[in-house]
1. Rg and Dmax of region 52-104 over Cα atoms: what are they, in angstrom?
2. Within region 110-145, list the chymotrypsin sites (Phe, Trp or Tyr not before Pro) lying in a DSSP loop whose Cβ has at most 12 other Cβ atoms in a 10 Å radius.
3. Mean projection of the alpha-carbon convex hull of region 19-141 over all orientations, in nm²?
4. Please give the solvent-accessible surface of Arg112 in Å², to the nearest 10, using a probe radius of 1.4 Å with every protein chain present.
5. Long-range amide H contacts for Tyr86: which residues qualify at under 5 Å (H placed 1.01 Å from N, peptide plane, sequence gap of 5 or more or a different chain)?
6. Within the set of other residues whose C-beta is less than 14 Å from the C-beta of Ala53, count the net charge using Lys and Arg as +1 and Asp and Glu as -1.
7. Taking R0 as 25 Å, what's the FRET efficiency between Gln151 and His97 from their Cβ-Cβ distance, rounded to 0.05?
8. Using amide H atoms built 1.01 Å from N in the peptide plane, name the residues 5+ places from Ala69, or on other chains, whose amide H lies under 5 Å from its own.
Amino acid sequence: MDISWETPLHPGGMATLATTEPADAADDVTAAADAILRAYRDGDDAAYLAAFAPDATFVLPGEPRRLDAADAYRARLRTLRVRHGYRVLAATSANRHVRRYGDTAVLTHDLRTTATADGATRTTDERETIVFAYDTYGFRVAVHLHRSPLQA
């Protein structure tokens, strides 16, 4: 995992910080991301969406517009499951990269998902970014998710 901790020095530059805190923050983000991935893979929509703030935003391939709340994503997942029989069969994360910016941390990774919908099984490779906010317990709550196709 490549971890870098940066804070704005001035509008045109960045300064790297060296503290003992980043390892713990990276551990928080990694643990939270693992829980999100596990819930996604297991089809546990309640656990998956519980990892996100209620007002989290979601940008997803195939969606005509941004989803501006966890409830909007919940409704979208329900539609996919009921109308199309959508079910994740496998999901893996690779090439993880974590950066901290003040009270937020950004995880980017490659996501490979094998899922079934409308009677067909398909594997997709995507790049995913999840932004986590800091609270008194660490970086545990995701506030934004952006997923896009990974170009070959």
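The values are calculated or read from the model by the stated rules, or taken from the named source; none is laboratory data. Small disclaimer: the values here were computed from a predicted structure and weren't measured. Cβ atoms come from the backbone with ideal geometry, glycine included; neighbour counts cover every protein chain shown. Calculation scope for accessible area: heavy atoms of the full protein, side chains included, ligands and nucleic acids excluded. Shrake-Rupley method; radii C 1.70, N 1.55, O 1.52, S 1.80 Å.
1. Looking at region 52-104, its Cα Rg and Dmax stand at 14.2, 42 Å.
2. For chymotrypsin sites (Phe, Trp or Tyr not before Pro) across region 110-145 that sit outside H, G, I, E and B with at most 12 neighbouring Cβ atoms in 10 Å, the list reads Tyr137.
3. The number I arrive at for region 19-141 is 7.7 nm².
4. Its accessible surface works out to 120 Å², give or take rounding.
5. Answer set, sorted by chain and number: Arg81, Asp118.
6. On the way: positive: Arg74, Arg140; negative: Asp55, Asp68, Asp71, Asp103, Asp135.
After counting each charged neighbour, the total is -3.
7. Once the sixth-power term is evaluated, E becomes 0.90.
8. Phe58
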